[in-house]
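Everything on this sheet refers to the single structure shown next.
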Amino acid sequence: ILNVEQSPQSLHVQEGDSTNFTCSFPSSNFYALHWYRWETAKSPEALFVMTLNGDEKKKGRISATLNTKEGYSYLYIKGSQPEDSATYLCAFAGGTSYGKLTFGQGTILTVHP
Amino acid sequence: GAGVSQSPSNKVTEKGKDVELRCDPISGHTALYWYRQSLGQGLEFLIYFQGNSAPDKSGLPSDRFSAERTGGSVSTLTIQRTQQEDSAVYLCASSLVVVANTEAFFGQGTRLTVV
């Protein structure tokens with residue numbers, strides 16, 4: 001069983017704050033690490049797909065880094081806005097399957113105006 | 001279609017009845033996943049169809065659960081003799097290729113309530 005863990009479980013920040021969350025995953029037989037944003041009443045949407053150690057991806061105010069050797073990824077949000085409120089999920093592919101995505105429990109972010 | 005489509009969006013069923021949940025993936029996507037989210041839980045992997053290879057059924061919680069994907073397109077998840085613990089949101093996703101170096105696209109989910 002692959003262990004994908006996210007922390008913190010939930011986070012409350014004020015509008016304008018910068019924040020970050022962590023995803024940890026097995027450091028052996030790594031293939032890919034995904035980040036998704038899941039807003040209430042919507043479908044999860046992909047933010048990033050990362051495959052190389054040291055990858056850094058950016059989309060607007062959101063960025064992510066990847067360390068496959070130690071098995072962690074960070075997601076950063078700069079200048080949080082209320083519309084960033086959502087559950088952020090990471091998903092790991094590796095081990096014996098390069099296709100199957102195993103998700104973490106998610107970090108619930110609430111941004112207060 | 002433009003995205004992944006799931007039906008029904010909501011289903012209320014009596015304990016002991018069978019249910020079928022349908023997923024229409026994005027045309028041309030070779031990989032198809034089923035997940036579920038029970039109350040207060042994360043996304044739990046159920047089954048993964050990987051092109052022409054045998055599906056990975058390792059996440060199906062019991063033999064009451066089965067899924068098929070006909071013609072490499074539409075998929076149906078069947079739950080027989082439903083139990084209250086089967087109540088959850090069932091999500092389907094598809095991906096262009098069978099290896100996870102491209103994003104997965106999710107449907108809106110089917111909320112199943114077993115009463």
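The values are calculated or read from the model by the stated rules, or taken from the named source; none is laboratory data. On a predicted model such as this, the values are computed, not experimentally measured, just so you know. As a convention, Cβ positions derive from the backbone with ideal geometry for all residues, glycine included, and neighbour counts pool all protein chains shown. Just the protein is used for accessible areas: all its heavy atoms, side chains included, with ligands, DNA and RNA removed. Shrake-Rupley method; radii C 1.70, N 1.55, O 1.52, S 1.80 Å.
Here is the tail figure for chain A: Cα pairs spaced more than 16 Å apart come to 55 percent of all pairs. Computed about the Cα centre, the dipole magnitude for region B:1-74 is approximately 120 debye when only Lys and Arg (+1) and Asp and Glu (-1) carry charge, each at its Cβ. Within chain B, the proportion of C-alpha pairs whose separation exceeds 23 Å stands at 22%.
What does the buried accessible surface come to for B and A, summed over both chains, with the probe at 1.4 Å? Round to 100 Å². Mind dumping the intermediate values first?
Details: alone 6320 and 6360 Å², together 11050 Å².
Using a 1.4 Å probe on protein heavy atoms, the buried area is about 1600 Å².
Pick from B:LEU43, B:LEU77, B:LEU96: which is most flexible by mean-square fluctuation in a GNM of chain B where alpha carbon atoms under 10 Å apart are linked? Taking springs between Cα atoms under 10 Å, the residue moving most is B:LEU43. Taking every protein chain into account, the accessible area of the protein assembly as shown amounts to 48 square angstrom per residue (probe 1.4 Å).
Which value results when the Cα radius of gyration for the protein assembly as shown is divided by 2.2 N^0.38 Å?
Values: Rg = 17.5 Å, N = 228, 2.2 N^0.38 = 17.3 Å.
Rg over 2.2 N^0.38 Å, computed on Cα atoms: 1.01.
When GluC sites (Glu not before Pro) are flagged only if DSSP places them in a loop and at most 15 other Cβ atoms lie within 10 Å, the longest unflagged stretch of chain A comes out as A:71-113. Peptide A:90-99 is shielded by partner chain Cβ atoms: per residue, an average of 4 of them sit within 10 Å of its Cβ. Summarise the accessible area of chain B (1.4 Å probe, protein heavy atoms) by the percent that is carbon and sulfur. Using a 1.4 Å probe with all protein chains present, chain B comes out at 45 percent carbon and sulfur.
How large is the charge dipole for the protein assembly as shown, taken about the Cα centre, if only the Cβ atoms of Lys, Arg (+1) and Asp, Glu (-1) carry charge, to the nearest 20 debye? Please list the in-between numbers first.
Working: 19 positive and 21 negative charges, 45 e Å.
That gives a dipole near 220 debye.
For chain A, the share of accessible area belonging to carbon and sulfur comes to 46 percent (1.4 Å probe, ligands and nucleic acids excluded). Distance between the C-alpha centres of region A:26-42 and region A:75-113: 6 Å, rounded to the whole angstrom.
Protein-only accessible surface at a 1.4 angstrom probe places the residues B:ASP18, B:ASP24, B:ASP86 in the order B:ASP18, B:ASP24, B:ASP86, largest first.
If we count every other residue with Cβ under 11 angstrom of A:SER85's Cβ, Lys/Arg +1 and Asp/Glu -1, where does the sum land?
Values: positive: A:ARG37; negative: A:GLU15, A:GLU39, A:GLU83, A:ASP84.
After counting each charged neighbour, the total is -3.
Projecting the Cα atoms of A:SER7, A:GLY95, A:TYR72 onto the charge dipole of chain A, computed from C-beta unit charges around the Cα centre, puts A:GLY95 farthest toward the positive end. The per residue volume of the convex hull around the alpha-carbon atoms of region A:52-113 is 102 Å³.
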